[in-house]
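No value in this document is a laboratory result; all are computed from the given coordinates. Bear in mind that the values here come from a model prediction, so they are computed numbers and not experimental data. Backbone-built Cβ (ideal geometry, glycine too); neighbour counts: all protein chains shown.
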Amino acid sequence: MSKNLLGVDFGTTALKACLFDEQGNCLAQESAQYKLITEGEFIEFNADEFFRVFSETVEKITDKFPVHAMAIDTQGETLIVLDKCGKPLMNAIIWLDNRATSQAEKMQKTFGLEKIYNLTGQAEIPAGYPAPKIEWLKDNAPEIFDKADKFLLLEDYIIYRLTGKFEASRSLYSSSLLMNVHSGEYIPEILDYLGIKENQLPHLNESGVVVGEYKGIKVVTSALDQIAGITGAGVVKEGLMSETTGTALAVCALTNKFPPYYEGLKVSPYYVKKGLYCLLMWAPTAGAMLEWFKRNFCEELDYGKLNEIADKVPAGSEGLIVLPHLCGTVMPENCPEAKGVFYGMEMKHTRGHFVRAIMESVAYMIREYVDFMNVPVQEIRSMGGGAKSKLWCNIKSSVLDKTIVTLKQNETACLGSAMFAGVGTGVFDSTERAAERIVAIDKTYKADGNEYQNVYREYKIKEQKIMKTF
């Protein structure tokens, strides 16, 4: 009998659960949506509701299929505080919540960014990270802080509800500012600064470790959702990279080398396992730019037609360029004031030129991120809605001068969690072996000549001039 593996991906406003057999075939899939509680800078969600959404969704699968093991990847940085009876003392503070801005600034002044980076791998101290949130509770809600017996992140909380044990994956704690990114252990100096003890935090494990059982199903540690996603895409060793073109853009690469600190550093190495880091760069708008243009100027055209009209336009869009910064820029330079720009418009330009120029602008951002990371890349795994476009994949391959591949399984985070469940229970020897066995390539796009190399250089010159105006 096949040992079916359940992977659960807990996003910011949606949960997805997929059941796979040992060959990576998806046997069942369920999902659920939920709405966050927002009030000013406070963004919360009822912790008990998290578990209710999880259990109701998962039971739709477990009621119909036998499940050997499960693993749950989650959003990072969401903080849940429990009392001595294991009950939530308040709503979960979601990762998007910025109430702890002053605490984040104080932490930066106390430790300095260089020390924080060398300890935790984090190049910045955002207000949404768990450490500043804990200090916010100490400063602003002492009645909760004093009663707090455990400070957990979302995966830990679900594991606790399933097994009664306080266990966590080191990957998820990469951006907590509580864990040493090299050793994978908590940092006493930071715990002392916050006024908490190590026994108030869960025990840390590698991804893919059995930590208990739930109704006969083995419960295994997974990872931060981004790490689970690249694992499910087969990005499990150096030389491979992923890019996800959805509403936003995310580019991830693995490296065995911890990048040295320098002033202005923006790329954070996330913990994958000891001695292996994930470099992550992202932009708030990518596919969102194309969706905005379609909604406002091509509403009658579907995405297939947009690809068709853009495919008739030569590389470089005959001088038309786009800066797709509808929500500012984050990396490699943080410029919230940056705006979306169409530059170089002439009478000859059609809607097809605009569509192609938008696609090219995203490819240029990926190229910039790849160059900025400066790690060896043999192949890039393409995910998200942009991976469905043959033209867009060809443009990316040509701009990057790299091979681009797409995948047959779209829910790569769920597959990554299922892979961890399989590793933990001996179905797979390692994530590398699991990837070889069950991650299926759909299409391969190889760079065709150097048609974009001069175009890209010209784009960067114009882009830099425009960015100086913001």
Checklist entry - Taking the Cβ of Thr285 as the center, what net charge do the other residues with Cβ under 13 Å away carry, scoring Lys and Arg +1 and Asp and Glu -1? => result 0
Checklist entry - the stretch 332-430: which trypsin sites (Lys or Arg not before Pro) are DSSP loop and have at most 16 other beta-carbon atoms within 10 angstrom? => result Lys339, Lys348, Lys408
Checklist outcome for this item: If unit charges are put on Cβ atoms (+1 for Lys and Arg, -1 for Asp and Glu) and the dipole of the chain is taken about its Cα centre, the option from Ile93, Ala148, Asn450 lying farthest towards the positive end turns out to be Asn450
Checklist outcome for this item: Applying a 4.7 angstrom Cβ cut-off across the chain, unpaired cysteine residues come out as Cys26, Cys85, Cys252, Cys278, Cys298, Cys327, Cys335, Cys393
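With +1 on each Lys and Arg Cβ and -1 on each Asp and Glu Cβ, how big is the dipole of the stretch 215-338 about its Cα centre, in debye rounded to the nearest 20?
The calculated dipole for the stretch 215-338 is roughly 860 debye.
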Checklist entry - Which pairs in the list Lys312/Lys388; Lys115/Lys147; Lys3/Lys150; Lys16/Lys408; Lys35/Lys165 are over 25 Å apart, alpha-carbon to alpha-carbon? => result Lys115/Lys147; Lys3/Lys150; Lys35/Lys165
Item to check | the stretch 242-262-the stretch 358-436 distance, computed between alpha-carbon centres (Å) | outcome: 11 Å
Checklist entry - Which of the lysines could be linked to Lys468 by a straight reach, that is with a Cα gap under 18 Å, when you skip same-chain ones fewer than 8 residues away? => result Lys339, Lys460
Item to check | Within the stretch 48-186: Cβ-based charge dipole about Cα centre, in debye rounded to nearest 20 (Lys, Arg +1; Asp, Glu -1) | outcome: 140 debye
Checklist entry - Short version: ³J(HN,Hα) in whole Hz for each residue of the stretch 363-371, in order, from phi by Karplus 6.51 cos²θ - 1.76 cosθ + 1.60 (θ = phi - 60°), x for Gly and Pro, what are they? => result 4, 5, 4, 4, 4, 4, 5, 4, 5
Item to check | Given charges at Cβ of Lys, Arg, Asp, Glu: the chain dipole, positive-most of Leu306, Trp282, Asn118 | outcome: Leu306
Checklist outcome for this item: The ³J(HN,Hα) series, computed from each phi in the stretch 85-95 with the Karplus coefficients 6.51, -1.76 and 1.60 at θ = phi - 60°, rounded to the nearest Hz and given as x for glycine or proline, is 8, x, 9, x, 7, 6, 4, 4, 8, 6, 4
Item to check | Long-range HN-HN contacts of Leu240 with modeled amide H, under 5 Å | outcome: Leu254, Gln378
Checklist outcome for this item: Tilt, helix 47-62 to longest principal axis of the chain (alpha-carbon atoms), in degrees rounded to tens, equals 80 degrees
Checklist entry - Considering only DSSP states other than H, G, I, E and B, which chymotrypsin sites (Phe, Trp or Tyr not before Pro) in the stretch 222-292 qualify as loop sites with at most 12 other Cβ atoms within 10 Å? => result Tyr262
Checklist outcome for this item: Expressed in angstrom and rounded, the centroid-to-centroid distance over alpha carbons for the stretch 122-172 and the stretch 265-299 is 26 Å
Checklist entry - So what are the ³J(HN,Hα) numbers for the stretch 16-27, from phi and the Karplus equation (6.51, -1.76, 1.60; θ = phi - 60°), rounded to whole Hz, Gly and Pro as x? => result 10, 10, 10, 9, 10, 8, 5, 9, x, 6, 7, 8
Checklist entry - Rounded to the nearest 20 Debye, what is the dipole magnitude of the chain about its Cα centre when Lys and Arg each give +1 and Asp and Glu each give -1 at the C-beta? => result 720 debye
